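The values are calculated or read from the model by the stated rules, or taken from the named source; none is laboratory data. What you see is a predicted model; the values in this text were computed from it and never measured. Heads up, the Cβs are rebuilt from the backbone with ideal geometry, glycines too, and the neighbour counts pull from every protein chain shown.
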2 protein chains.
Amino acid sequence: MPAAKLLLVEDDPALSELLEFRFENEGYDVRATADGDEALILAAEEVPDLIILDWMIEGTSGIEVCRRLRRDKTTAHVPIIMLTARENEDDRIRGLDTGADDYMTKPFSPRELLARVAAVMRRIRPALAGETIEVGDIRLDPVGHKVDRRNKALQLGPTEYRLLKFFMESPGRVFSRNQLLDGVWGTGSDIELRTVDVHIRRLRKAIEVEGTKDPIRTVRSAGYAMEAV
Amino acid sequence: MPAAKLLLVEDDPALSELLEFRFENEGYDVRATADGDEALILAAEEVPDLIILDWMIEGTSGIEVCRRLRRDKTTAHVPIIMLTARENEDDRIRGLDTGADDYMTKPFSPRELLARVAAVMRRIRPALAGETIEVGDIRLDPVGHKVDRRNKALQLGPTEYRLLKFFMESPGRVFSRNQLLDGVWGTGSDIELRTVDVHIRRLRKAIEVEGTKDPIRTVRSAGYAMEAV
DNA sequence: GGGCAATGTTACACCTTCACGACAATCATA
DNA sequence: TATGATTGTCGTGAAGGTGTAACATTGCCC
């Protein structure tokens, strides 16, 4: 099960360890580093779902890390929560200017940080927050890996499940085959474009229930989308 | 039910007594002391489930107590809520850096402290020590380390027991093999992923009772989950 | 309707994942 | 120390999932 990936950039070992523990306890997949340059490398290696970034860190400064993350296309969209020391208002202003989504001033309660992270997750990708998604008459429970339609349990293979989940996270949106390959199979997968068609077909068959319509729309020469039926 | 154990470290006798009363009233098992060194001894004697720690106490200072608790392996994981005087922001910074989980500034309402303690308890121990858990027809008594199904006592090995308990604390939830290793074997255990399969099989066999269905669901390429059958 | 490109469908060989049995090492206990 | 229970690892085979090509069908533009 793909847990939400967090990148924690904090150079106080005690705080870093505490937060890492708390977040892992909540089911997040956490990577931590104290160094700005290493943070950029980690973010490039495996794009996280959210970044928690301390402003005062060794190596490249927080503000610079933030700027570079925003410049790189693969990480430009990743939400950033920054941690600023005390009431340094200048930092906050520059931080938000640079592209941070939210900030917390030290000292903060870990509980509050957890809450904000959860809020961001719900906003960005509901499934990552463990919430069941509903599109039309189809319901997907990411925690239990279960899908049902009209209260009838569906049986999906792993790829079919991932594909359906990907669609349900952005209902109505059209995805090209390349976008689907990136999102479902992972960036850098070396797979024939047409293979997507086959999995679409398999998914369609798997979510077929007596008396329902096919929720997957083919958009000719563009890709596929899922509609609320 | 064997109550959750609280350690209260507070040197204002009036406040200490008030809190002790309130918490005992809520069913907690409270130990109180006004002295930092004694707190460390008490914590070592019997590891509490949560520590409420005033920052300004006699003997060893709050910050030092916190640090030592975190250093000792047996108490490193115990959540700490610290009580600080309103004005002293530096303390809060150092406190959270040192490893406290949460803080409350004096004066605070006892009701709010109770709420936070309850929240921490729910997070740390979903099946609070003593509460027998029931999932479907399986009943687990954590005090007596006993498990039965349809009133028939089951015989489990230690690992099978921990694994079952882990599942029963979050019924329906799918866990990856890595999550199971972390949760059941402990973080940093150096064990083959596939070993989990074997223990799943042993657990399945151990909880097999004539005329019942297997409550453990295999989720291909994701992990395992336990269902209420 | 003809021609063309895009998509639907099927079949199949290949690969991954999991259940199961066996076994040696370790631990607990008498 | 001896005995039995427990534990971690490996190999094997079966079940199921995956990617690809080949062929059928559909939609579109003229």
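Here B:GLY172 fulfils each of the conditions (1) under 30 Å from A:LEU156 (Cα atoms); (2) free of Cβ contacts under 8 Å to residues at least 12 places away in the same chain apart from (2). When restricted to residues that are surrounded by fewer than 19 Cβ atoms within 10 Å (Cβ to Cβ) and assigned to a strand (DSSP E or B), the range A:33-42 contains 1.
Say we look at the range B:188-229 and pick out the residues that are acidic (Asp, Glu) and outside any helix (DSSP H, G or I); which of these is surrounded by the most Cβ atoms within 10 Å (Cβ to Cβ)? Of everything passing the filter in the range B:188-229, B:GLU227 is surrounded by the most Cβ atoms within 10 Å (Cβ to Cβ). List the number of the failed condition for B:ILE216; all other conditions in (1) in contact with a Lys or Arg (Cβ under 6 Å, 6 or more places away or on another chain); (2) closer than 30 Å to B:LEU8 by Cα hold. Condition not satisfied by B:ILE216: (2). When the range B:132-155 is filtered for residues that are surrounded by fewer than 15 Cβ atoms within 10 Å (Cβ to Cβ), modelled with pLDDT of 85 or more and in a loop (DSSP other than H, G, I, E, B), the ones remaining, listed by number, are B:HIS145, B:ARG150, B:ASN151, B:GLN155. Scanning the range B:157-169 for residues that are part of a helix (DSSP H, G or I) and either touching a residue at least 12 places away in the same chain (Cβ under 8 Å) or not assigned by TED's automatic domain parsing to the domain that holds B:LEU140 (or both) turns up B:THR159, B:GLU160, B:TYR161, B:ARG162, B:LEU163, B:LEU164, B:LYS165, B:PHE166, B:PHE167, B:MET168, B:GLU169.
Would you please name the residue that is farthest from DNA strand C (Cβ to nearest atom), looking only at residues in the range B:176-216 that are in contact (Cβ under 8 Å) with a residue 24 or more places away in the chain and of a type in the set (Lys, Arg)? Taking the candidates together, the pick is B:ARG202.
So that you can scan it fast, the table gives a plain yes or no per residue for (1) under 16 Å from B:ILE216 (Cα atoms); (2) near DNA strand D (Cβ under 9 Å from one of its atoms):
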site: B:LYS146; (1), (2): no, no
site: B:ARG149; (1), (2): yes, no
site: B:ALA153; (1), (2): no, no
site: B:PRO158; (1), (2): no, yes
site: B:PRO171; (1), (2): yes, no
site: B:ARG177; (1), (2): yes, no
site: B:ASP190; (1), (2): no, yes
site: B:ARG194; (1), (2): no, yes
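For A:LEU180, the conditions (1) in a helix (DSSP H, G or I); (2) surrounded by fewer than 19 Cβ atoms within 10 Å (Cβ to Cβ) all hold with the exception of (2). So is A:ALA127 within 14 Å of chain B (Cβ to nearest Cβ) and surrounded by fewer than 17 Cβ atoms within 10 Å (Cβ to Cβ) or not? Answer is no for this residue. The residue that is nearest to DNA strand D (Cβ to nearest atom), counting only those in the range A:207-219 that are hydrophobic (A, V, I, L, M, F, W, C) and under 18 Å from A:PHE175 (Cβ atoms), is A:VAL219. Criterion first (within 14 Å of chain B (Cβ to nearest Cβ) and more than 13 Å from DNA strand C (Cβ to nearest atom)) does A:LYS165 satisfy it? Here the answer is yes, as A:LYS165 does meet what is asked. Candidates in the range A:1-30 are the residues that are more than 9 Å from every other protein chain (Cβ to nearest Cβ) and assigned to a helix (DSSP H, G or I); of these, the one that is farthest from A:TRP55 (Cα to Cα) is A:PHE23.
A Cβ distance below 7 Å, combined with a sequence gap of six or more or placement on separate chains, defines the contacts here; from the range A:8-34, residues that are among the polar types (S, T, N, Q) reach residues that are surrounded by fewer than 21 Cβ atoms within 10 Å (Cβ to Cβ) in the pairs A:SER16/A:ALA32; A:SER16/A:ALA34; A:THR33/A:LEU42.
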